[in-house]
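The values are calculated or read from the model by the stated rules, or taken from the named source; none is laboratory data. Worth saying up front: this structure is predicted, and the values here are computed from it rather than measured. When we count neighbours, we look across all protein chains shown, and the Cβ atoms used for this are built from the backbone with ideal geometry, even at glycine. Calculation scope for accessible area: heavy atoms of the full protein, side chains included, ligands and nucleic acids excluded. Shrake-Rupley method; radii C 1.70, N 1.55, O 1.52, S 1.80 Å.
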Amino acid sequence: MSETVNVGILGKGTVGGAFRRLLNERADMVEEVSGRRPRVSGVLSRKRGDFERILSRSDIVVELIGGTDPALDYVTRALHEGKHVVTANKQLLAQHGEELVKAARDGGAQLRFEAAVAGAIPVIRVVQESLGAIPIEKVFGIVNGTTNYILTEMTRSGLSYEEALKQAQDLGYAEADPTDDVGGADAAAKMAILARLAFGAPVQLKDVPYEGIERIKPDDIAYAKELGLSLKLLGVAERVGDGQISVRVFPCFLYPGHPLSPISGPFNAVMVESPAITEITMSGPGAGGPETAAAVLGDVVSVIGGGSPLFEENAKLKIAKDVEMAFYLHLEVDDEPGVLARVAEVLGDNGVSVRSVVQRGLGGEAQLIMVMHPVSEKKFAAALRRIAKLRFLRSDPRSIRVIEEEFG
């Protein structure tokens, strides 16, 4: 008889239910691969189950509650007691990664979290294990399927942001309250985890500035289509300068040759760049019950097989406060003499160089669309604040970052 591995499940929602079904369906396969058979030792929901009882009867605790309360208490206690933990909880890891790692080390337990970042894409395993000995320069990607679906439909079907969001909600790609997704907080939590893994830096959610897609307008989509660009919400973690890293989330334009440009619908994709490998791209389904459950099961199998992927700290790396980026700038202005010259003057005063300018419309409908050469984000922000105060502007200026990098 094979040895039994007892698995306690915390959470009985969409992912929790899907994971329990999958674990039962694949128990024979897991036993064949690992020589040990998983068995559900208990399930905790809001109305049923007792955490203390589940903890005492489990070898592995799978946390699928979400949020930080009571998940932080449950996970920390499990790790301290030497119980291996598998979690899909990105907020828990992004906000409390350091203390969870310490608890795992103190208890001699494994902490696995593949499902916390990109659904079914095994990006955690690739970065932590397959590329563990390779110096990584940059990790970036589309890590939120909700926003990618919305931007895809705005581009493909000409929907407004509000229409695309409603469609995403109707199809189950967006929550009833989509704030964390469309505002960028969800992607920021995932990038904090990836940055900690890739660079060993003690990155927390508060270290990741983020922007969402709520202000994207059809005019921005039209500009992108005209030039063959795609618009994505991107998360970026990269080495910049001497001993610094930058971790950010923002909407941006990509040129057609970029590997992330064709990623559409609710799919996620993550790229890893290193001098040793040039770049690799992983893509696949993002969030969803079956997809997340599959990633959780993969972690359970990894725990049974041994190994202990933990954050390796590198306190020497600091969070960069400023980086250089190219920008698209959209201005709605009165059509009068001297408008372009005055805008160009403000940009020049702040060290911002203009790459191209397009003027559309007449009278009250005039628009200036400008693309900048790469510039310090702080300098561009200072220019934008001054431009916003110009009397001939008819609405707030809109800016979107542009990534010019392409791959052969």
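Structure data summary
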{"quantity": "Packing-based order for 24-34, 10-20, using average beta carbon neighbours within 10 Å, highest first", "calculated": "10-20, 24-34"}
{"quantity": "Sequence-separation-based contact order of the stretch 4-122, relative, with Cα cut under 8 Å and 6+ spacing, percent", "calculated": "24"}
{"quantity": "Theoretical FRET efficiency, 1/(1+(r/R0)^6), r = Cβ-Cβ of A176 and R21, R0 35 Å, to 0.05", "calculated": "0.90"}
{"quantity": "Separation of the T14 and K102 label points, Cα + 7 Å toward Cβ, nm", "calculated": "3.5"}
{"quantity": "Relative contact order (percent, whole number), the stretch 314-367, Cα cutoff 8 Å, 6+ residue spacing", "calculated": "44"}
{"quantity": "Segment S130-K217, extension gain: residue separation times 0.36 nm, minus the distance between their alpha carbons", "calculated": "27.3 nm"}
{"quantity": "Where S157, S395 fall by accessible area, highest first, once all protein chains stay in place (1.4 Å)", "calculated": "S157, S395"}
{"quantity": "Peptides 199-205, 340-346 ordered by average Cβ neighbours within 10 Å, highest first", "calculated": "199-205, 340-346"}
{"quantity": "Of all accessible heavy-atom area on the chain, the percent that carbon and sulfur account for (1.4 Å)", "calculated": "48"}
{"quantity": "Within the chain, helix-based [θ] at 222 nm, where runs of 4 or more DSSP H residues each add -39,500 (n - 2.57), nearest 500", "calculated": "-10500 deg cm²/dmol"}
{"quantity": "Exposure of H96 as accessible area (Å², to 10), given a probe of 1.4 Å and all protein chains", "calculated": "40"}
{"quantity": "DSSP-defined antiparallel bridges as percent of all bridges, the chain, nearest 5", "calculated": "65"}
{"quantity": "Probe 1.4 Å, accessible area per residue of the chain, Å²", "calculated": "43"}
{"quantity": "Projected label distance in nm at E279 and K378, using a 7 Å step from Cα toward the beta-carbon", "calculated": "2.8"}
{"quantity": "Principal-axis tilt of helix 145-156 within the chain, Cα atoms, nearest 10 degrees", "calculated": "40"}
{"quantity": "Relative contact order (%) - the stretch 345-408, alpha-carbon pairs under 8 angstrom, separation at least six", "calculated": "29"}
{"quantity": "Choice from A164, A120, A187 showing the highest fluctuation, given a GNM over the chain with Cα pairs closer than 10 Å", "calculated": "A164"}
{"quantity": "Anisotropy class of the stretch 61-175 from Cα gyration tensor, a/c 1.5 cut", "calculated": "oblate"}
{"quantity": "Dipole axis of the chain (+1 Lys, Arg; -1 Asp, Glu on Cβ), positive-most option in Q128, V43, I54", "calculated": "I54"}
{"quantity": "Lys, Arg +1 and Asp, Glu -1 on Cβ, resulting dipole of the stretch 178-261 about Cα centre, debye, nearest 20", "calculated": "180"}
{"quantity": "FRET efficiency estimate (nearest 0.05) - Cβ-Cβ, D242 to R391, R0 35 angstrom", "calculated": "0.25"}
{"quantity": "Efficiency of FRET from Cβ geometry, D322 and M29, R₀ 41 Å, rounded to 0.05", "calculated": "0.25"}
{"quantity": "Options [x] 21.3; [y] 22.6; [z] 20.4 - which one matches mean projected area of the Cα convex hull in nm² as calculated here", "calculated": "[x]"}
{"quantity": "With Cα atoms, 0 to 90° folded angle of helix 90-107 axis to the chain main axis", "calculated": "40"}
{"quantity": "Solvent-accessible surface (1.4 angstrom probe) belonging to M282, in square angstrom, nearest 10", "calculated": "30"}
